[in-house]
Amino acid sequence: MAKILIVDDSAFARNRLKRLFESGGHEIVGSVGDGEQALTQFKNLQPELVTLDYLMDNKTGEAVLKEIIKIDPSARVIMISGSSDKTLEKRALDAGAKVFIEKFNERINILKVIDQVMEI
């Protein structure tokens, strides 16, 4: 079981991820809609894992990821995007994301991905 912080500018996506993660036995320690809130909650809550939307208003997921990695170089972050753009994926992985996945891609079992990332 992982303690997870969900970061996504879509309330629908946050709620859907929350239900999915809880069904897999994970604890949601926070759920926020923008990058500034994400950084504050990351510092305050110290989650074991962060799921981070790539494209958000006010601060991109990539910018947030870089700041999270500065705070904790061993942070486990799964970057989630509505886009399957390989350039975005490479940038996220280069910035420190453990995995980059396409949002709600039915071929990907995100609960298995969480288990794999938690083993890193």
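A short reminder: the numbers here are calculations on the coordinates, not readings from a lab. Not measured: the values here are computed from a predicted model.
Could you tell me how many cubic angstrom of Cα convex hull volume the chain has per residue?
89 Å³
Pairs of Cα atoms under 8 Å, at least six residues apart: use those to get the relative contact order of the chain, whole percent.
Over the chain, the number comes to 23 percent.
May I ask for the Kirkwood hydrodynamic radius of segment 47-96, worked out over all distinct Cα pairs and given in angstroms to one decimal?
Every distinct Cα pair counted, the radius reaches 10.9 Å.
Extension gain K90-N44, at 0.36 nm per residue separation less the Cα-Cα distance, in nm?
Residue separation times 0.36 nm, minus the Cα-Cα distance, leaves 13.7 nm.
Lysines near K90 by alpha-carbon distance under 18 Å, same-chain residues fewer than 8 away left out - which ones?
Result set, ordered by chain and number: K66, K98, K103.
Would you work out the relative contact order for segment 38-105, in percent, from Cα pairs under 8 angstrom that are 6 or more residues apart?
In percent, rounded to a whole number, it is 32.
May I ask for the distance between the Cα centers of segment 16-51 and segment 61-120, given as a whole number of Å?
Cα centres, segment 16-51 to segment 61-120: 14 Å.
When the helices in the chain are scored as -39500 (n - 2.57) per DSSP H run of 4 or longer and the sum is shared across all residues, what 222 nm value do you end up with, to the nearest 500 deg cm²/dmol?
For the chain, the value works out to -13500 deg cm²/dmol.
Please work out whether segment 1-68 counts as rounded, prolate or oblate from its C-alpha gyration tensor, where a ≥ b ≥ c are the square roots of the eigenvalues and a/c under 1.5 means rounded, while otherwise a/b larger than b/c means prolate and anything else oblate?
oblate
Under 13 Å from the Cα of K43, which aspartates and glutamates turn up, not counting those fewer than eight places away in the same chain?
Output for K43: E67, D72.
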